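Engineer: Please see the structure below; I have some questions.
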Amino acid sequence: MALVPVAEALERLLEGAQPTGSESVALMDAADRVLAEPVVALRTQPPFDASAMDGYATRAADVASVPARLSVIGMAPAGQGFAGTVEQGQAVRIFTGAPLPEGADTIVIQENVRDLGGGGVEVIAPTVEGRHIRRLGLDFSTGDVLLEKGRLLDPAALSLAASANHPRVSVVKRPLVAIIATGDELLPPGSNLGPDQIISSNAYGVAAVAQSVGARALDLGIAPDRKEAIAVLVKRAVGAGADVIVTLGGASVGDHDLVHDVLTGEGMTLDFWKIAMRPGKPLMFGRLGDIRCIGLPGNPVASLVCSQLFLKPLLARLGGRFYRPDLRQARLGAAMPANDIRQDYVRAVVKEDAGVLVATPFGIQDSSMLKMLADANGLIVREPFAPAAAAGAACSVQMLR
């Protein structure tokens, strides 16, 4: 099977991907979820003409010139409106959020009033009609579409939905990605390692990539290099309702790379296997019914780079999210040799220097070196057959954070 270009591989992987359905959730549990349906106002806000300040509700005609003396006939705290009518020469002590009393058409803020005692006050600064009043429906009215389908529920959106009297909202279901690590040599963190064993680390980074776009990650653990053991975990992923199955390792061409055989035996239709990229050439993609199956390389750096390039945009689309990689133009901080037939993603440190981004590649690019990837904040994207480039040459960088 020929090497598939990166752009084509991503297009094929995303083809037909749609949000995974909807569910109703309590508003308190809806943060960072994506709306599956618009939010329409169930009430009008404010529901009445309301005072925007603490002060005195009165008639503008009575305070057009100062000093002006008023008789205080009552009080209107928030949540308890004044039942009477404000007549000439009268005022109602009012607080922020309280309904404007009948007959009043302005608010004199308390800083502009002097208490005379005995129920009388003196206004010392003129106030015009309508001052410090929030009119009925100033924010929204019943039936207004407040939040469109596809909106990410950030703090302001959540408060708006609550203000519109919605205790629950319809959101896109969070896609579920089941993660299966493979390899006799792997043990979980905290294990006592034998002389030929290593720690299984990839699942944690892959899960974090999934969670960064709102997906759920189900870690199914480590399958030894036996087809029946891998098949058990694949069946478990299917039974859990996974939208995506991610396997780690075992998808190359070696005698112990069994994932392809197991998945095809379970009914997967292979789409592609091997991509023209570095790191991550042995990436596999296929479909098991409605489930998308991605076989990531076992090398930690390759696994995480492929997760950023392929898994992240797929899960974002399944979750109804807008996603675009953070690509920027920069200058090389060091010379780079000519590239071969594969698109190269070179780990680099990207810093701003005199207003210009400078991307300096690490001298060693081995795909097993996790510390280097953790220290990198960008990937220099080198197209196939890119010529040698001197320090200072223009380059494209995909930011990692």
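The values are calculated or read from the model by the stated rules, or taken from the named source; none is laboratory data. For clarity, every value in this text was computed on a predicted model and none was experimentally measured. Please note: Cβ atoms are built from the backbone with ideal geometry, for glycine as well, and neighbour counts cover all protein chains shown. Just so you know, the surface numbers come from the protein's heavy atoms only, side chains and all, with ligands and any DNA or RNA stripped out. Shrake-Rupley method; radii C 1.70, N 1.55, O 1.52, S 1.80 Å.
Engineer: Any idea what the dipole of the chain comes to, in debye rounded to 20, about its Cα centre with Lys/Arg Cβ at +1 and Asp/Glu Cβ at -1?
Structural biologist: 280 debye
Engineer: Using the reciprocal of the averaged 1/r over all distinct C-alpha pairs, how large is the Kirkwood radius of the stretch 1-139 in Å?
Structural biologist: On the way: mean 1/r = 0.0533 Å⁻¹.
This gives a value of 18.8 Å.
Engineer: Starting from the Cα of Lys149, draw a straight line to each of the lysines and keep only those under 21 Å, dropping any in the same chain fewer than 8 residues away.
Structural biologist: Cα-Cα hits under 21 Å: Lys173.
Engineer: For the stretch 52-95 and the stretch 268-328, what is the separation of their C-alpha centers, rounded to whole Å?
Structural biologist: 66 Å
Engineer: Now, a different point. For the stretch 124-234, would you read off the P(r) tail past 16 Å as a percentage of all alpha carbon pairs? Walk me through the numbers on the way to the answer.
Structural biologist: Numbers: 4554 of 6105 pairs.
Cα-Cα pairs in the stretch 124-234 separated by more than 16 Å: 75 percent.
Engineer: Report Rg (one decimal) and Dmax (nearest whole number) for the stretch 336-400, counting Cα atoms only, units Å.
Structural biologist: Cα only, the stretch 336-400: 11.6, 34 Å (Rg, Dmax).
Engineer: Further question: If eta is 1.306 mPa s and T is 10 °C, what Stokes-Einstein diffusion coefficient results for the chain, Kirkwood Rh from Cα pairs, in µm²/s?
Structural biologist: 61 µm²/s
Engineer: Using modelled backbone amide H atoms (1.01 Å from N, in-plane), which distant-in-sequence or interchain residues come within less than 5 Å of Ala76's amide H?
Structural biologist: The answer is Arg93, Ile94, Phe95.
Engineer: Starting from the Cα gyration tensor of the stretch 172-244, multiply each eigenvalue by 5, take the square root, and state the resulting semi-axes largest first in whole Å.
Structural biologist: Working: eigenvalues 118, 52, 9 Å².
Those come to 24, 16, 7 Å.
Engineer: Follow-up. Report, ordered by chain and residue number, the lysines lying within cross-link reach of Lys371, taken as a straight Cα distance under 27 Å and ignoring same-chain residues fewer than 8 apart.
Structural biologist: Cα-Cα hits under 27 Å: Lys274, Lys281, Lys312, Lys351.
Engineer: Another question, if that's okay. Using the heavy atoms of the protein chains and a 1.4 angstrom probe, tell me the accessible area per residue for the chain in square angstrom.
Structural biologist: Values: 19100 Å² over 401 residues.
Here the per-residue accessible area is 48 Å².
Engineer: Under 19 Å between alpha carbons, and skipping anything fewer than 8 positions from Lys235 in its own chain: which aspartates and glutamates qualify?
Structural biologist: By straight Cα distance, Lys235 reaches Asp219, Asp225, Asp243, Asp257, Asp261, Glu266, Asp290.
Engineer: Still on this structure: On a 0 to 90 degree scale, rounded to 10, what angle separates helix 227-239 from the longest Cα axis of the chain?
Structural biologist: With both axes taken from Cα atoms, the answer is about 20 degrees.
Engineer: Another question, if that's okay. Would you pull out the residues with amide H under 5 Å of Val4's amide H, same chain only if 5 or more places away, H placed 1.01 Å from N?
Structural biologist: Ile275, Ala276
Engineer: Still on this structure, please answer the following. How large a share of the accessible area of the chain, in percent, is made up of carbon and sulfur atoms when the probe is 1.4 Å and the other protein chains stay in place? Numbers along the way, then the final one.
Structural biologist: Values: 9940 of 19100 Å².
Here carbon and sulfur together make up 52 percent of the probe-accessible area.
Engineer: Turning to a different aspect of this structure: How big is the Rg/Rh ratio for the stretch 260-379, C-alpha atoms only, Rh by Kirkwood, two decimals?
Structural biologist: Values: Rg = 16.7 Å, Rh = 16.2 Å.
Reported Rg/Rh, Kirkwood definition of Rh: 1.03.
Engineer: Normalised by the residues of the chain, what does the relative contact order come to in percent, with Cα pairs under 8 Å and at least six apart?
Structural biologist: 16 percent
Engineer: Follow-up question, since we're still on this one. Tilt of helix 202-212 relative to the longest C-alpha principal axis of the chain, in degrees (0 to 90, nearest 10)?
Structural biologist: Roughly 30 degrees between the two axes.
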